[in-house]
């Protein structure tokens, strides 16, 4: 692997600590969590005590005050271990930035320290039954009534929906205004009028508690508005670049891990008087996957550099999300094929990684939406109309 010059000695020490934590606290229990469909809350408190949550949050709000690379390491090592259950990445790298960037001082002081300690678990309420990628079409409403908002509607496919104590909820404060009517609210899940539906049974990422959420005349203080009313769509678009960067990190780290698992298996598996790795087809297939993954790793590291310099564009993030998750799917399929029948057995990590990877091309905006984002930059409206 090409040396990764982005990381300092401090980052390397942090990575070693993360790997030990995963080996001690996550990997031995992960299969049980998959059966239960949820990760126990005490793991979040252990992660918080170890300094692994909200690493980019400023120290005055309980975080580590580090750069994005600390969070990237956490995402990378969890993906490499196949630890899809604990959604630390969502909590720390996707949700906490909303509070850091748009929260009032009171909101930051109230929530961020508890999030960093793992005492409060968060979820992002965006997707609805009528559609996930078309945010402008959401139907959940929050109508102002004096000093409160009255929330009605429902959400679906909400990661950490059962564990969550706090939601960043996308809703329409002006239902007639389309995207301009979307606002974000901070919603405590112990409020009257809020109910959780069933834990959704998925084909992969089984240890994640993915849920339906319902809101019926739920009253939320106006002080829980995150940012400005009517600016929710803009806020979501601003933060999606980092979310898609996180998805790219997960995709490449898991693909690299799958190739290593397959290489180990192929050099030990004997058939027809030789190892699986002795067959030219095996060597060529592994070489192809390694070359493609390494090329995407270089693109990923470049996108991380741009993000650290606050220069990662929405289009670059979309291209990264598109290409890395598509590659992840191809690598998982190719690796599973080399495992043969054993690759189809749930006890083998490649089987779980195969189904877990399928979410990458859907979550955070489907790959078809990524193509549209890229195409719009290539062909602005005035050029498209000429064709």
Inter-centroid distance (Cα atoms) of region 216-278 relative to region 106-169, Å
20 Å
Applying the gyration tensor rule to the Cα atoms of region 175-318 (axes a ≥ b ≥ c; rounded if a/c under 1.5, else prolate if a/b exceeds b/c, else oblate), the class is oblate
Gyration tensor on Cα atoms of region 81-168, a ≥ b ≥ c root eigenvalues, a/c under 1.5 rounded, else prolate if a/b beats b/c, else oblate, says oblate
Based on other C-beta atoms within 10 Å, arrange 211, 96, 17 from fewest to most.
17, 211, 96
Length released on extending from residue 228 to residue 137, taking residue separation times 0.36 nm less the Cα-Cα span:
30.8 nm
Calculate, in nm to one decimal, what residue 32 and residue 216 gain on full extension: separation in residues at 0.36 nm each, minus their alpha carbon distance.
62.8 nm
Between [x] 57; [y] 68; [z] 44, the structure-derived percent of Cα pairs over 29 Å apart is [z]
Going from the fewest other Cβ atoms within 10 Å to the most, one would list 205, 335, 303, 54 as 205, 303, 335, 54
Relative contact order for region 124-229 using alpha-carbon pairs under 8 Å, separation at least 6, rounded to a whole percent?
31 percent
Counting each DSSP H run of 4 or more residues in the chain as -39500 (n - 2.57), what helix-only mean residue ellipticity at 222 nm follows after dividing by all residues, to the nearest 500 deg cm²/dmol?
-15000 deg cm²/dmol
Chain lengthening between residue 291 and residue 23 when straightened (0.36 nm per residue, less Cα-Cα)
93.6 nm
Which of 70, 88, 339 moves the most in a Gaussian network model of the chain with Cα springs under 10 Å?
339
For residue 199 paired with residue 337, estimate the spin-label separation in nm (one decimal), with each label point 7 Å from Cα along the Cα-to-Cβ line.
3.6 nm
Highest GNM mean-square fluctuation among 203, 362, 94, for the chain with Cα springs under 10 Å, belongs to 203
Got a sec? Which residues in region 204-240 would a label at residue 174 touch, if it sits 7 Å along Cα→Cβ and we count backbone N under 20 Å?
222-238
List 101, 307 from most exposed to least, where exposure is judged by having the fewest other Cβ atoms within 10 Å.
101, 307
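Values in this text are rule-based calculations from the coordinates and carry no lab data. Since the structure is predicted, the reported quantities are computational estimates derived from the model, not experimental observations. Please note: Cβ atoms are built from the backbone with ideal geometry, for glycine as well, and neighbour counts cover all protein chains shown.
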